[in-house]
């Protein structure tokens, strides 16, 4: 059956969730406090770049299955399921900041009480939150609405930026934390269209569901950090991390994904989720030593890359020009949150270097951060013209097969620092390039 659903928050998770739920026939209202964003969404324009999202957005608006508003009262009144998709940014100590989430929950309770709306609703938390958050939500509700019938469940998202629409429409698994059999039946019915192929809806207790999201992201981050840590050893002994990746990735117990050595993970999930899990475990008196090592390796990996650049120029880069390919933390997104490229740019600017940048999607977000401190190019080769070196931070397909002959002609020096191991060492050397990559050469 079709449900009346409200989605609170229209960031990556909220917008993709709302569009996906509308696509299977539900009536969805998305709520956000940003009026400009809401007006843009009403016109079918997505505020974020995500492949396939704008098409799905326009289609669902046209077929009257999704709407956008700043009116939380309207959203609460008409929904039987309320999805909470609020940001949970890190505090200074690494813990998750829950004030956005709990403020909205408090407002929902006040609205129900003030207007006399039915409290026979399900609050579905999709925000990434530490264990025990559902209990905090329940206490917030009970304080304003004693003896209410509201249900609180955990339903963490597992969306990959760049593949979020695909992941929402064809999820590998759906995790739901609830102890209520009646809620379980509703959620099973709601999500059934997404799992026709047989992928599981996994029901568990709420606390286990809350930890599952953190555990998944931390495990994937650990794979990345393991390879980055190993890359340091490879550079010392003259081994090739790329060949090792293929060798271990063919083992089905290990798998091929998240084994690419580079300049570290970034984005809105891995850095904050790893830190939040570390913080929660420390609070419980059971520190997670592997998670802590994962964070430590990632924190130092980008600096090692910057150090390579500095050593090559004998620690003097004032007045040097660096072309930078890639600003987003990964391909197929415009997301620059915790992007390694930004750390590189900041370090070079501190040394009074000149920076020219290009990214297929993340230029506008970069301008918000750096303004007129750097030069923004309209295509990749403009970046390397008269550059002392090229620095590659993001593995966009557009960067994987460039015209090296053209590059060599227009660069001041044919020097490449490749943070994503895109090219063959012997090919670059035969073309006369000085090529620095990750885990594939002896350190200088």
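Computed quantities for the displayed model
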| quantity | calculated |
| --- | --- |
| Debye-sum result for segment 4-204 in log10 I(q)/I(0), which assumes one identical scatterer on each alpha carbon, at q = 0.12, 0.15, 0.17 Å⁻¹ | -0.57, -0.93, -1.22 |
| Mean separation of Cα contacts under 8 Å, 6 or more apart, over the residue count of segment 4-204: relative contact order % | 19 |
| Which of 99, 405, 295 has the fewest Cβ neighbours within 10 Å, and the rest in rising order | 405, 99, 295 |
| Whole-Å distance, taken between Cα centres, linking segment 275-301 and segment 207-270 | 16 |
| Radius, Kirkwood style, for the chain when every pair of distinct Cα atoms is counted (Å) | 23.6 |
| For segment 143-212: relative contact order, % (alpha-carbon pairs under 8 angstrom, 6 or more apart) | 38 |
| Selected from 284, 209, 398 as most flexible by GNM, with the chain as the system and alpha-carbon contacts under 10 Å | 284 |
| Packing-based order for 425-435, 176-186, using average beta carbon neighbours within 10 Å, highest first | 176-186, 425-435 |
| Sequence of 357, 38 once ranked by neighbouring C-beta atoms within 10 Å, starting from the fewest | 38, 357 |
| Selected from 78, 106, 147 as most flexible by GNM, with the chain as the system and alpha-carbon contacts under 10 Å | 147 |
| C-alpha long axis of helix 99-115 to longest principal axis of the chain, angle in ° | 20 |
| Cα long-axis angle, helix 206-237 against the chain (0 to 90 degrees, to the nearest 10) | 0 |
| Sorted by Cβ density within 10 Å, fewest first, the residues 312, 420, 257 | 257, 312, 420 |
| Rounded if a/c under 1.5, otherwise prolate or oblate - segment 39-95, Cα gyration tensor axes | oblate |
| Cubic angstrom per residue, convex hull over Cα atoms of segment 331-444 | 114 |
| Spatial extent of segment 1-70: Rg and Dmax, with the Cα atoms as the point set, Å | 10.5, 33 |
| Cα long-axis angle, helix 270-283 against the chain (0 to 90 degrees, to the nearest 10) | 60 |
| Taking the C-alpha atoms of segment 239-303, convex hull volume expressed per residue in Å³ | 111 |
| C-alpha center-to-center spacing [segment 109-137, segment 350-395] in angstrom | 44 |
| Cα centroid separation - segment 326-340 against segment 40-58, whole Å | 19 |
| Highest-fluctuation residue, 404, 158, 322 considered, GNM on the chain with Cα pairs under 10 Å | 404 |
| For the chain, calculated [θ]222 nm from helices alone, where every DSSP H run of n ≥ 4 adds -39500 (n - 2.57) | -14000 deg cm²/dmol |
| Convex hull volume per residue in cubic angstrom - Cα atoms of segment 73-163 | 110 |
| Relative contact order (percent, whole number), the chain, Cα cutoff 8 Å, 6+ residue spacing | 12 |
| Rounded if a/c under 1.5, otherwise prolate or oblate - segment 225-383, Cα gyration tensor axes | prolate |
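Every number here is computed from the coordinates shown, using simple stated rules; none is lab data. Since this is a predicted model, take the numbers as computed values, not measurements. With ideal geometry, Cβ positions are generated from the backbone for all residues, glycine too; neighbour counts draw on all protein chains shown.
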